[in-house]
Amino acid sequence: MNSSSPNSVEKFDNTRANEYGRQSRIALAGYDACQDLAACMLAASLGSRDSAKVLAVGAGGTAQEIIAMARLEPGWRFTAVDPSESMLETAKQQLAANDLLERTELVLGHVEALAPDESYDAATLIGVLHHLDGDEAKGHILRAIRARLKPGAPLIVAGNQYAYASQPLLLAAWGQRWRQHGAGPDEVKAKLGKILQGADPPHSEAAVQQLLHEAGFGEATRFFSSLFWSAWLTCKTG
């Protein structure tokens, strides 16, 4: 799960790509549950159909959103887009291990790299927005996704919200989460310092809703929350 800004791409080098699955499951309590529920929400939104074409933006790393959707819907096919070569290669390995390469097109680059006549039944943007600096970059990727969705198509958006320092209790609990998984005091301190400096999440759920509205999406339904993290389903309007 990566972003489309140059600074964000640099974060996801070989070292981080190799440890991404483990780190994500510690940092986000309920990581796999969120991915499973995202698949369920899309399936419920799309209704009964034998096939669907789904765009997974920032799917590098675990590719877990694709794995979860593919397990639930054997007729769906996927396009996985990520600007980090290391993260996309890690995703490719995970997809191969789950026999999903034949159902997935891998695209190294940004959403804009897709052919302009591509049209998708649904999309996911998981773990991306908080890695993009500023509302302009966040709005840009949302608009790029919208341009490639069919009318009324659903979009899953998931990621961190709140300015981290504004939620000291949640931040402290996040540090305890790492301690729960064996991190010592110095490592916990380093993790807390890194999260405070390394991302720019929307500062509220209302801010997420505003970004979606301005990009051409409707009211979002939140279906998952875990400390700073939340996940929503919205649909393209117009």
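What to note about this one:
- Selection from the range 82-106 of residues that are assigned to a strand (DSSP E or B) and closer than 20 Å to S51 by Cβ: T104, E105, L106
- If the condition is being surrounded by fewer than 23 Cβ atoms within 10 Å (Cβ to Cβ) and either outside any helix (DSSP H, G or I) or more than 17 Å from the chain's Cα centre (by Cα) (or both), then the range 63-72 contributes R71, L72.
- Residue in the range 148-170 that is outside any helix (DSSP H, G or I), under 17 Å from the mean Cα position of the chain (by Cα) and surrounded by fewer than 18 Cβ atoms within 10 Å (Cβ to Cβ) present: no
- Selection from the range 107-120 of residues that are in a loop (DSSP other than H, G, I, E, B) and open to solvent by 20 Å² or more (accessible area, probe 1.4 Å): H110, A115, P116, D117, E118, S119
- Residues of the range 104-144 classified as on the phi > 0 side of the Ramachandran plot and either in contact with a His (Cβ under 9 Å, 6 or more places away or on another chain) or free of Cβ contacts under 8 Å to residues at least 40 places away in the same chain (or both), total: 1
- Yes/no for S4 being at pLDDT below 95, in a loop (DSSP other than H, G, I, E, B) and either open to solvent by 20 Å² or more (accessible area, probe 1.4 Å) or small (G, A, S) (or both): yes
- Among the candidates A147, A165, residue that is more than 30 Å from S45 (Cβ to Cβ), in contact with a helix residue (DSSP H, G or I) (Cβ under 9 Å, 6 or more places away or on another chain) and free of Cβ contacts under 8 Å to residues at least 60 places away in the same chain: A165
- The set of residues from the range 181-226 being in contact with a helix residue (DSSP H, G or I) (Cβ under 6 Å, 6 or more places away or on another chain) and part of a loop (DSSP other than H, G, I, E, B) comprises H181, A199, P201, P202, G216, A220.
- When residues in the range 73-98 are screened for being closer than 28 Å to G47 by Cα, open to solvent by less than 30 Å² (accessible area, probe 1.4 Å), in contact with a helix residue (DSSP H, G or I) (Cβ under 7 Å, 6 or more places away or on another chain) and not aliphatic (A, V, I, L, M), 3 of them pass.
- Any chance T124 is within 22 Å of A220 (Cα to Cα), β-branched (V, I, T) and open to solvent by less than 10 Å² (accessible area, probe 1.4 Å): yes
The values are calculated or read from the model by the stated rules, or taken from the named source; none is laboratory data. The structure presented is a predicted model; accordingly, all values stated were derived computationally and were not measured. All Cβ positions, glycine included, derive from the backbone under ideal geometry; neighbour counts span all protein chains shown. Note: areas computed on protein heavy atoms with side chains; ligands, DNA, RNA excluded. Shrake-Rupley method; radii C 1.70, N 1.55, O 1.52, S 1.80 Å.
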